[in-house]
Amino acid sequence: MAYETITVDISDDIALITLNRPDALNALNPQLLSELADALDAADTNDKARCIILTGSDKAFAAGADITEMADKSFVDVVTNPLFGDSFERIERIQKPIIAAVSGYALGGGCELAMACDFIIASDTAKFGQPEINLGVIAGLGGSQRLTRLVGKSKSMDMHLTGRFMDATEAESAGLVSRVVPAKKLLDEARAAAGKIAEKSQLAVKAAKDVVNRSYETTLSEGIRYEKAVFQSLFATEDQTEGMAAFKEKREAQFRDR
Ligand code: HXC
């Protein structure tokens, strides 16, 4: 499919999706989020993609929702016609793992998009923030909820109330990103991580993503019960038999996603 605001490359079992509105620092508009949701849906059902990487440019992962396109909207406009339709909800429903590879600015909706991915690998140039307060509004794509769960109330309040940016070092120590790598190596490191995931049983990968995400939605005891049931269900797969046999036989497992 031809996209105008993103590019998609599928190779070596990895779908690399790159946000591509360079003139606006990859600001999110309805077309971009709709194309992104389409591309993610396509990758989710494409056997050639076993892991997805979402990235932007060196200067910006995404500098937020497109302010010029929001500026003239009224309360009635945004209530009757939500800014991005159901695109973000579609992105949140993707079953395959999505790694956000973030360089430069990830602000407002850009930070929220990165947090909606499964984990974030940041370059040492990355800057995260929820600066919507400077525009007289607040986060609108989950930032107040996800950032608070990731970094705790105090730092989240600080970010949302002052609008200040967090650099990569602070983001890593606060738990917002999983690792920080030199800017030049960002895509190599993201590809290496995606390649590791692509080697695993895709049944187990989907299960792992599902149970970790469940921890956001439920109580500890319910989550542990759910994890146990999913763990047990994997004993119905050939990949469990193969994975454990390979360990005993001191060889690499050959998973077949069955
Ligand atoms: C539209 C944007 C943009 C944005 C940057 N640009 N961010 N356009 N929406 N969010 C455009 C600029 O207007 C400029 O276009 C070009 O990109 C380059 O940006 P500069 O500002 O010249 O670059 P620089 O001086 O390096 O500053 C970078 C920056 C700054 C610090 C990231 O651009 C900035 O503060 N951007 C806005 C960040 C923000 O407030 N994000 C939250 C948005 S609200 P021209 O044509 O002048 O060259 C949001 C709500 C989400 O995300 C919830 C929705 C439901």
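Quick rundown of the values:
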| read-out | value |
| --- | --- |
| Of Lys185, Lys59, Lys96, the one that fluctuates the most in a GNM where the chain has Cα springs shorter than 10 Å | Lys185 |
| Computed helical MRE - 222 nm, the chain, DSSP H runs ≥ 4 contributing -39500 (n - 2.57), nearest 500 | -13000 deg cm²/dmol |
| Distance in nm between pseudo-label sites at Ser221 and Phe119 (7 Å out along the Cβ direction from Cα) | 3.0 |
| Glu4 accessible area, assembled protein chains, probe 1.4 Å, Å² | 140 |
| About the Cα centre, charge dipole magnitude for the chain (Lys/Arg +1, Asp/Glu -1 at Cβ), debye | 880 |
| Segment 113-258, relative contact order in percent, only Cα pairs under 8 angstrom and at least six apart counted | 22 |
| Mean separation of Cα contacts under 8 Å, 6 or more apart, over the residue count of segment 1-134: relative contact order % | 25 |
| Carbon + sulfur, % of accessible area of segment 1-138 - ligands and nucleic acids excluded, 1.4 Å | 51 |
| Gap separating the Cα centres of segment 78-98 and segment 206-249, nearest whole Å | 27 |
| Probe 1.4 Å, protein heavy atoms only - accessible area per residue of the chain in square angstrom | 54 |
| Solvent-accessible ranking of Met157, Met70, Met166, largest area first, probe 1.4 Å | Met157, Met70, Met166 |
| Accessible surface of segment 188-258, 1.4 Å probe, proportion on carbon and sulfur as whole % | 56 |
| Cα-Cα over 18 Å, subset of Lys209/Lys250; Lys59/Lys155; Lys206/Lys228; Lys59/Lys209; Lys155/Lys185 | Lys209/Lys250; Lys59/Lys155; Lys59/Lys209; Lys155/Lys185 |
| Alpha carbon Rg of the chain, scaled by the compact-globule rule 2.2 N^0.38 Å | 1.05 |
| Model label zone, Ala245; criterion: amide N under 16 Å from point 7 Å along Cα-to-beta-carbon; scope segment 180-219 | 201 |
| Extension gain, Asn46 back to Ile138 (0.36 nm per residue minus Cα-Cα distance, nm) | 29.5 nm |
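The values are calculated or read from the model by the stated rules, or taken from the named source; none is laboratory data. On a predicted model such as this, the values are computed, not experimentally measured, just so you know. A quick note on method: Cβ atoms are made from the backbone with ideal geometry, for glycine too, and the neighbour counts reach across all protein chains shown. Side chains included, ligands, DNA and RNA excluded: accessible areas come from the protein's heavy atoms. Shrake-Rupley method; radii C 1.70, N 1.55, O 1.52, S 1.80 Å.
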